1. What distance in nm separates the simple spin-label points at ASP148 and SER219, each placed 7 Å from Cα in the Cβ direction?
2. Ranking request for peptides 232-244, 139-151: highest mean number of other beta-carbon atoms within 10 Å first, then the rest in descending order.
3. Using the Cα centre of the stretch 123-166 as origin and beta-carbon charges of +1 (Lys, Arg) and -1 (Asp, Glu), tell me which of PRO133, MET149, THR162 is placed farthest towards the positive end of the dipole.
4. Calculate the spin-label point distance for ASP117 paired with SER250, positioning each point 7 Å from the Cα along the beta-carbon direction, and give it in nanometres.
5. In whole Å, what is the distance between the alpha-carbon centres of the stretch 50-107 and the stretch 237-306?
6. If only Cα atoms are counted, what is the Rg of the stretch 4-304, and what is its Dmax, in Å?
7. Between ALA296 and ALA269, what is the label-to-label distance in nm when each label sits 7 Å out along the Cα-to-Cβ direction?
8. Could you identify which residue out of GLY168, GLY100, GLY63 has the top mean-square fluctuation in a GNM of the chain using Cα springs shorter than 10 Å?
Amino acid sequence: MKLYKVKIKLVNILFLITIAGFSISCGDSEVDPVTGRSSDFETVPQKFPITPGIINEASGLAGSATMNGYIWTLLDSGNPNSLYLLSTDGKTIKEFNVPGSVNHDWEAMASGPGPADGTNYLYIGEIGNNNSPMTTSNIIYRIPEISDMSGSFSQDKLEKITFSYPDGPRDAETLLLDPVTKDLFIISKELDKANIYRLAYPQSTSATITAEKIGSIPSVIFTTDGSISYDGNEILIRNYTSVFYWQRKSGETVGQTLSQTPKKTLITAAEPQAEGITFDREAKGFYTLGEIGQAASVSLSYYLRK
């Protein structure tokens, strides 16, 4: 999204809401009995500067399952139909075209299992819908992840999951994949709510699916990205000012977890047009990356688990 002045005003609104309400508390630390992992993360990130000019409008992040030390990102509307592989030290960026796709408004992505056992897939969320007239349906592209830097994406392996909402068109920037069930979740980006929509596995690639509305996230609005840990036990959702964290209890669905008030609001550093977020593969922490907006540059931020 390039509406910088509008975004600045919305960030100010969200900041006031944060100061006035629930976000003032970072919550209590607790070790997850299932994973043995703490819910505490460092509040001051390690920062890795990104050379301006290539991924100035990074709108989503997803970890690579096939290449250690790399994460994927994408750019939103008006940019190439490409994915960008970014080293976790911020020094290497490589562009990979996704033939057969169209970048109308790519806003989110996810990484994880899919229809073929043993294959990791990248899911590209063509789910941004903030310009009038809104589209009545949206697309999630699914493609097997390449396994090395010399690889390329094949159009023959690209699949399109087309869906509509049961309650009319929505703008969204958050796409989640449950690695346990392979269900996909879209979180709407609205100033007064964050609705949760589910596309149950197996998702059709030949017909338009009507997403299932399963609730809304309490006390969270205007979401810009999210991530589920690779074992499915932790969830992060962010907006322009805050990062929200859940521990998924044994036997809970993703929808049931997100329908509860966040376990805690994590303290994170401010960054320009805060959009992308993803857990790392080893569950040691998470990365964030913003759009450059009117800033001179951006950095990839890493928050280590305590």
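Coordinate-derived values only; no laboratory data. Everything quoted here is computed from the prediction, not taken from an experiment. Cβ: placed from backbone, ideal geometry, glycine included. Neighbour counts: every protein chain shown.
1. 4.9
2. 232-244, 139-151
3. Farthest towards the positive pole: PRO133.
4. Roughly 2.5 nm, to one decimal.
5. Their Cα centres are 18 Å away from one another.
6. Cα radius of gyration and Dmax of the stretch 4-304 are 17.6, 51 Å respectively.
7. 1.5
8. Among GLY168, GLY100, GLY63, the largest GNM mean-square fluctuation belongs to GLY168.
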